[in-house]
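The values are calculated or read from the model by the stated rules, or taken from the named source; none is laboratory data. All values derive from a computational prediction rather than experimental measurement. Note that we place each Cβ from the backbone using ideal geometry, even for glycine, and neighbour counts take in every protein chain shown. These accessible areas exclude ligands, DNA and RNA; they are computed on the full protein's heavy atoms, side chains included. Shrake-Rupley method; radii C 1.70, N 1.55, O 1.52, S 1.80 Å.
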Amino acid sequence: MATIKEIARACNVSVATVSNILNHKPGASDETRKMVMEKIKEMNYTPNTVARNLKTKNSRSIGVIVEDMTIFSIPDIVDGITEHCEEKNYQILLINLRLFKKYDDTYYHRDDFYGMVRDEIWKLIAKQVEGIIYVAAHERTIRCIPEDLPIPSVMAYGYTESDKIPSIVVNDEDGAFQIVKHIIDRGHRRIGVITGKSDSPHAQERLVGYQRALYESGILYDPSLVCTGDWNRGSGYRYTDRLLDRGVTAIFCMNDLMAGGVYDRLEERKLKVGADISVAGYDNRELSGYYKPPLSTIMLPLHDIGYVASEVILEMLGECKEISPVHRVNCYPLIRKSVEKLE
């Protein structure tokens, strides 16, 4: 492969002249410019963009650190980041921490992986990335990104509680409000709920959305209809009997896995979903469309979270002064046949 010096020698011009022509700078005549471009094509010259970027400190690359690519939420977020970066002619350098594989679902209570995150951040900085996006698997407060980095950073699907590092999160309150309001609009007044783990921001905000839907519809909130689950199918199964004994006509599960457990128990009791009892979920996991009947749920805006995270990091690179510390991305209801209309 030819070098820029060889191109200059073959054209009997200076290296600076060839460089100026390659970078579309003025100074060369049309005849010289045509000769150099023809020689570049003839000698199969390819610009060394890596060296150029190192010199200009403009790599047009964004570092993306993900907690674990096997977690269902992460691939769509990364796809959103990638789509926007492609539109803006940026590339991503992806690092997979594999935390779930290493520590199972206890990792998000651990602090000892923060050092690992910081090591990966500095490796990316050494590779001249212009910004860093950290992608969490579950929304929670994570203080793993130092505030004094020489480049901008963004947290996707998690909270930094920092004005310097924006957080891109799901508008869970509005998502829960939408699905519970749908249940109410179908005539239900006594609606049970199975939450996720009590320390989860997802569960906390979805409970607020549930309460708001009741309040705006003039329905008194009854704490006895709230059961604390753990996001797993088994907790949906366990709490079904309790809620039925308390006279609910519908059950809102804060994820689709727990809704599957409710389906399991209702089938054992020979009760039909969408006829004898209504059920709604959250997340729009792929399996929810295969339940019988298909589950009404809320679609997480995972792709949009990634897209917005990329938009925000590039705005920060453009020295935008007005960056909100928290960006909430709205969800989409997916109405199927699991919620009956009461007469």
Quiz item: Among the lysines, which have Cα under 26 Å from the Cα of LYS5 when same-chain residues fewer than 8 positions away are ignored?
Solution: LYS25, LYS34, LYS39, LYS41, LYS55, LYS57
Self-check item: Reachable aspartates and glutamates from LYS270, criterion Cα separation under 16 angstrom, eight or more residues apart if same chain
Solution: ASP241, ASP245
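Ignoring ligands, DNA and RNA, please state the percent of accessible area on the chain from carbon and sulfur, probe 1.4 Å. Please report the intermediate quantities before stating the final value.
Values: 8300 of 17080 Å².
With neighbouring chains kept in place, the figure for the chain is 49 percent.
Give me the percent of Cα-Cα pairs in region 100-192 that sit more than 23 Å apart, rounded to a whole number.
41 percent
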Quiz item: GNM on the chain, C-alpha springs below 10 Å: top fluctuator among THR82, THR160, THR17?
Solution: THR17
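Please work out how much length the chain gains when fully extended from GLN204 to LEU287, using 0.36 nm per residue of separation minus the C-alpha to C-alpha distance, in nm with one decimal.
Values: separation 83, 0.36 × 83 = 29.88 nm, distance 2.43 nm.
The span from GLN204 to LEU287 would gain 27.5 nm if fully extended.
Just the number, please: percent antiparallel of the DSSP beta bridges in region 228-343, rounded to the nearest 5.
Numbers: 3 of 9 bridges.
Of the beta bridges lying entirely in region 228-343, close to 35 percent run antiparallel.
Using packing as a proxy for protection, rank 245-258, 268-281 so that the peptide with the highest average count of other Cβ atoms within 10 Å comes first. Don't jump to the answer; show the numbers that get you there.
On the way: 245-258: 23.4, 268-281: 18.6.
The peptides rank, most packed first, as 245-258, 268-281.
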Quiz prompt | the chain, dipole about Cα centre (Lys/Arg Cβ +1, Asp/Glu Cβ -1), debye to the nearest 20 | solution = 580 debye
Self-check item: Per residue accessible area of the chain, 1.4 Å probe, in Å²
Solution: 50 Å²
Quiz item: Can you work out ³J(HN,Hα) from phi for every residue in region 19-25, in order, using Karplus 6.51 cos²θ - 1.76 cosθ + 1.60 and θ = phi - 60°, giving whole Hz and x for Gly and Pro?
Solution: 4, 5, 5, 4, 9, 6, 9
Exercise. Calculate, in nm to one decimal, what LEU149 and TYR103 gain on full extension: separation in residues at 0.36 nm each, minus their alpha carbon distance.
Key: 13.8 nm
Quiz prompt | Efficiency of FRET between ASP245 and ASP79 - r from beta-carbon atoms, R0 51 angstrom, step 0.05 | solution = 0.70
Quiz item: By how many degrees, between 0 and 90 and to the nearest 10, does the Cα long axis of helix 302-317 differ from the longest principal axis of the chain?
Solution: 40 degrees
Quiz prompt | Extension reserve of the MET69-ARG140 stretch, reckoned as 0.36 nm per residue once the Cα distance is removed | solution = 23.8 nm
Exercise. Could you go through region 142-150 in sequence order and give the Karplus-derived ³J(HN,Hα) for each residue, using 6.51 cos²θ - 1.76 cosθ + 1.60 with θ = phi - 60°, rounded to whole Hz, and x for Gly and Pro?
Key: 10, 10, 9, 9, x, 7, 9, 5, x
Practice problem: Please give every one of the aspartates and glutamates within straight-line cross-link reach of LYS127, meaning a C-alpha to C-alpha distance under 12 Å, and leave out same-chain neighbours fewer than 8 residues apart. | Solution: none
Quiz item: How high is the relative contact order of the chain, in percent, with contacts defined as C-alpha pairs under 8 Å that are six or more residues apart?
Solution: 17 percent
Quiz item: ARG285's amide H: which non-local residues (gap 5+, or another chain) put their own amide H closer than 5 Å, with H modeled 1.01 Å from N in plane and none for Pro or chain starts?
Solution: ASP256
Quiz item: Tilt of helix 256-268 relative to the longest C-alpha principal axis of the chain, in degrees (0 to 90, nearest 10)?
Solution: 30 degrees
Exercise. On a C-alpha basis, how far is the centre of region 164-213 from the centre of region 290-343 in Å? Whole number, if you could?
Key: 13 Å
Self-check item: Under 5 Å, built H, 5+ apart or other chain: amide partners of SER153
Solution: ILE132
Practice problem: Return the subset of LYS101/LYS164; LYS101/LYS123; LYS102/LYS292; LYS181/LYS272; LYS101/LYS337 for which the Cα-Cα distance in this structure is over 24 Å, preserving the input order. | Solution: LYS101/LYS164; LYS102/LYS292; LYS101/LYS337
Exercise. State the antiparallel share, in %, of DSSP beta bridges confined to the chain, rounding to the nearest 5.
Key: 10 percent
Practice problem: Taking amide H positions as placed in the peptide plane 1.01 Å from N, state which residues far from CYS331 in sequence (5 or more) or on other chains have amide H under 5 Å from it. | Solution: ASN171, GLY175
Practice problem: Pop a pseudo-label 7 angstrom from the Cα along the beta-carbon direction at both VAL15 and ALA126 and give the gap in nm to one decimal. | Solution: 2.8 nm
Quiz prompt | Fluctuation leader among ASN284, ASN96, ASN23 - the chain, Gaussian network, Cα springs under 10 angstrom | solution = ASN23
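Dipole of region 222-330, Cα-centred, from +1 at each Lys and Arg C-beta and -1 at each Asp and Glu C-beta, to the nearest 20 debye? Let's see the in-between values first.
Numbers: 12 positive and 16 negative charges, 115 e Å.
So the dipole magnitude of region 222-330 works out to roughly 560 debye.
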Self-check item: Binned Cα-Cα distances of region 203-317, short to long, each 5 Å bin given as a whole percent
Solution: 2, 11, 19, 21, 18, 11, 7, 5, 3, 2, 1, 0
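Between MET37 and ARG60, what FRET efficiency follows from the Cβ-Cβ distance if R0 is 22 Å, with the result rounded to 0.05?
Values: r = 23 Å, r/R0 = 1.07.
E between MET37 and ARG60, to the nearest 0.05, is 0.40.
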Quiz item: Normalized C-alpha radius of gyration of the chain, against 2.2 N^0.38 Å?
Solution: 1.32
